[in-house]
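These notes are about the structure you will find just below.
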Amino acid sequence: TTIPTLQLNDGRTIPQLGFGVFKVDPAETERIVTEALEAGYRHIDTATIYGNEEGVGRALAASGIARDELYVTTKLWNDRRGEAAAREALGASLEMLGLDHVDLYLIHWPTPANGSPVETWQTLAAMRDEGLTSSIGVSNFDERYLPEILETGIVPAVNQIELHPQFQQRAAVELSAQHDIKIEAWGPLGQGKVDYSTGVIGEIAQRLGVSWAQVTLAWHLAEGRIVFPKSSSPERMAENLAAASVQLTPEDIAAIDALDQGAAGRVSADPAEVS
Ligand code: NAD
């Protein structure tokens, strides 16, 4: 399987299919990320709050894979706002990851209760210019929170938001597209909280002789989103990676598009309530 890449609005490229490590036990992270790298993943999505950057870093170092073949994302946690805190946080992440730069650094949540994200965002841009991260972006900045970021004139390369068939975030996707901000879909499989194995997706999977997870990931890829499903089993890691070669028809894609339930489809936290 060849992993497709996308070009970001800052000229950088990103592997469209990666591996996420939310809820991967820090004690098991080195082993699980090593297995993911062996399966063929080259893009790892972590965050400081996951507590497993050190394990990710050890797996990357032990792999012997050249730095420029790897794509590493981490995220600034919500209690680190303003220039000094953001600089200290990225420095600590780089230390834990054992890297001199990450490929992508994101503000993890808008946290409206913590005040404006503007100074923090400007600091991310400065750190990008200094080479500490190649690209910068935001996470969970839906149409309520993205405008304040855009007003700075510094356009995020990506917006990482909850997105899966029953929760397609049309307004956030549309606003991001207007600025050529790529969408990274978190919880791309519905985090195991939605049964996508039956109904429309199950029927497509049966027809194509692939799994419901592969159909769902292929739908994301076909619509130009970046995904990094999480799995601790080598079988599912390989299965998810192989979704890159699943071909859906325009009718399949339209049928999955029609599963959107709008706001009712959300399965995780509303950014308005996260601080
Ligand atoms: P996900 O949709 O990837 O679902 C993971 C669940 O699906 C796990 O329970 C796993 O066992 C199961 N699964 C994986 N592959 C499967 C397969 N082939 N068949 C059946 N079940 C399968 O949810 P996620 O892990 O929350 O999201 C992916 C990544 O997104 C995370 O690991 C993390 O990197 C990122 N994320 C970011 C945020 C954010 O706020 N920015 C929030 C949540 C997750």
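The values are calculated or read from the model by the stated rules, or taken from the named source; none is laboratory data. These numbers were taken from a predicted model, which means no experiment stands behind them. FYI the Cβ positions are ideal-geometry reconstructions off the backbone, even for glycines, and counts take in every protein chain you see.
So that you can scan it fast, the table gives a plain yes or no per residue for (1) of a type outside the set (Val, Ile, Thr); (2) more than 26 Å from Thr1 (Cβ to Cβ); (3) under 17 Å from the mean Cα position of the chain (by Cα); (4) modelled with pLDDT under 95:
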residue: Arg31; (1), (2), (3), (4): yes, no, no, no
residue: Asn52; (1), (2), (3), (4): yes, no, yes, no
residue: Thr74; (1), (2), (3), (4): no, no, yes, no
residue: Trp77; (1), (2), (3), (4): yes, yes, yes, no
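Starting from residues that are within 8 Å of the ligand (Cβ to nearest atom) and not aliphatic (A, V, I, L, M), keep the ones in the stretch 204-216 and report whichever is farthest from His164 (Cα to Cα). That would be Ser211. Restricting Gln169, Gln247, Gln191 to those that are under 26 Å from Asn9 (Cβ atoms) and touching a residue at least 12 places away in the same chain (Cβ under 8 Å) reduces the list to Gln169.
Restricting to the stretch 32-50, count the residues that are outside any loop (DSSP other than H, G, I, E, B) and within 16 Å of the ligand (Cβ to nearest atom).
Going residue by residue through the stretch 32-50, those that are outside any loop (DSSP other than H, G, I, E, B) are 32-39, 43-45, 48-50.
Among the residues that remain, those that are also within 16 Å of the ligand (Cβ to nearest atom) are: 32-33, 35-37, 39, 43-45, 48-50.
Number of matching residues: 12.
If you filter the stretch 117-135 down to residues that are within 27 Å of Phe167 (Cβ to Cβ) and without any contact (Cβ under 8 Å) to a residue 40 or more places away in the chain, you find that the one that is nearest to the chain's Cα centre (by Cα) is Trp121. Tell me, yes or no, whether the stretch 35-48 has at least one residue that is out of contact with any Gly (no Cβ under 9 Å at 6 or more places or on another chain) and either charged (D, E, K, R) or at pLDDT below 95 (or both). Yes, some residue in the stretch 35-48 is out of contact with any Gly (no Cβ under 9 Å at 6 or more places or on another chain) and either charged (D, E, K, R) or at pLDDT below 95 (or both).
If you filter the stretch 164-195 down to residues that are outside any strand (DSSP E or B), more than 10 Å from the ligand (Cβ to nearest atom) and among the aliphatic types (A, V, I, L, M), you find that the one that is surrounded by the fewest Cβ atoms within 10 Å (Cβ to Cβ) is Ala177. Taking the stretch 219-244 as the range and being aliphatic (A, V, I, L, M) and in contact (Cβ under 8 Å) with a residue 40 or more places away in the chain as the test, the residues that pass are Leu221, Ile226, Val227, Met237, Ala238, Leu241, Ala242, Ala243, Ala244.
For the structure I just gave you, tell me whether Ser135 is more than 14 Å from the ligand (Cβ to nearest atom) and either buried (at least 20 other Cβ atoms within 10 Å of the Cβ) or modelled with pLDDT under 95 (or both). Answer is yes for this residue. What do you reckon, is Glu53 over 22 Å from Ile161 (Cα atoms), of a type outside the set (A, V, I, L, M) and touching a residue at least 24 places away in the same chain (Cβ under 8 Å)? No: the conditions fail for Glu53.
Mind checking whether some residue in the stretch 9-26 is more than 8 Å from the ligand (Cβ to nearest atom) and in a helix (DSSP H, G or I)? Yes, some residue in the stretch 9-26 is more than 8 Å from the ligand (Cβ to nearest atom) and in a helix (DSSP H, G or I).
For the stretch 72-85, give me each residue that is surrounded by fewer than 23 Cβ atoms within 10 Å (Cβ to Cβ) and not charged (D, E, K, R). Write out each step before concluding.
If we filter the stretch 72-85 for residues that are surrounded by fewer than 23 Cβ atoms within 10 Å (Cβ to Cβ), which is where we start, we get 77-85.
Scanning the stretch 72-85 gives Trp77, Asn78, Gly82, Ala84, Ala85.
When the stretch 51-103 is limited to residues that are under 27 Å from Gln122 (Cβ atoms) and among the polar types (S, T, N, Q), the one that is farthest from the ligand (Cβ to nearest atom) turns out to be Ser93.
For every residue, the table says whether it meets (1) within 10 Å of the ligand (Cβ to nearest atom); (2) more than 16 Å from Ala254 (Cβ to Cβ).
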site: Thr198; (1), (2): no, yes
site: Gly202; (1), (2): no, yes
site: Ala218; (1), (2): no, no
site: Ala222; (1), (2): no, no
site: Phe228; (1), (2): yes, yes
site: Met237; (1), (2): yes, yes
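Listed by position, the helices (runs of 4 or more DSSP H) enclosed by the stretch 67-158 that each have at least 3 residues that are closer than 23 Å to Val33 by Cβ are 83-97.
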